[in-house]
Amino acid sequence: MTYVDIVLWLTYLLIVAAIVTTIWSIVRGWQRRERQSPALEVRHADKTGYLTTGLLVVTLAVTFLAGSSEPLPVNGKLFTDTFWLKATDMFIFTSTILIIICSVVITATRFRR
């Protein structure tokens, strides 16, 4: 087994873990949502969810459009698939932007009180 195989299997494992965690979070969120009584809290949570989803979609679209399609040498061959070049840049830039936004929001809420 090579290092590449190990990295691929760990990646598959992380993807499965992310999917299971997402499904668990959705189910748990729906269960808790039914128990929430104040309408104001539900509306605030809904707005936050919509804002987060919208921010993610907009960030993905903008970073895909801004991604480079310049061919890259990969394993001695030139990789020229424009979609995957842009998609790779999209994921890298989106991850970086969202990590920065999360850090700023956490810092701001920590010192707000």
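The values are calculated or read from the model by the stated rules, or taken from the named source; none is laboratory data. Because the structure is a prediction, the values reported are computed rather than measured. With ideal geometry, Cβ positions are generated from the backbone for all residues, glycine too; neighbour counts draw on all protein chains shown. Please note that ligands, DNA and RNA were not included when accessible areas were found on the heavy atoms of the full protein model with its side chains. Shrake-Rupley method; radii C 1.70, N 1.55, O 1.52, S 1.80 Å.
A few remarks follow.
- Of the residues making up region 67-94, those that are open to solvent by 60 Å² or more (accessible area, probe 1.4 Å) and among the polar types (S, T, N, Q) are ASN75, THR80, THR82, THR88.
- In region 92-113, the residues that are assigned to a helix (DSSP H, G or I) form Cβ pairs under 9 Å with partners that are at pLDDT below 90, at six or more places apart or across chains, as follows: THR94/LEU56; LEU98/LEU55; LEU98/LEU56; ILE101/LEU55.
- First in region 72-90 and under 26 Å from LEU56 (Cβ atoms), second anywhere and among the β-branched types (Val, Ile, Thr) and assigned to a helix (DSSP H, G or I), Cβ under 6 Å, 6 or more apart: MET90/THR63
- Region 6-50, residues that are hydrophobic (A, V, I, L, M, F, W, C), at pLDDT below 85 and either open to solvent by 80 Å² or more (accessible area, probe 1.4 Å) or closer than 22 Å to VAL105 by Cα (or both): ILE26, TRP30, LEU40, VAL42, ALA45
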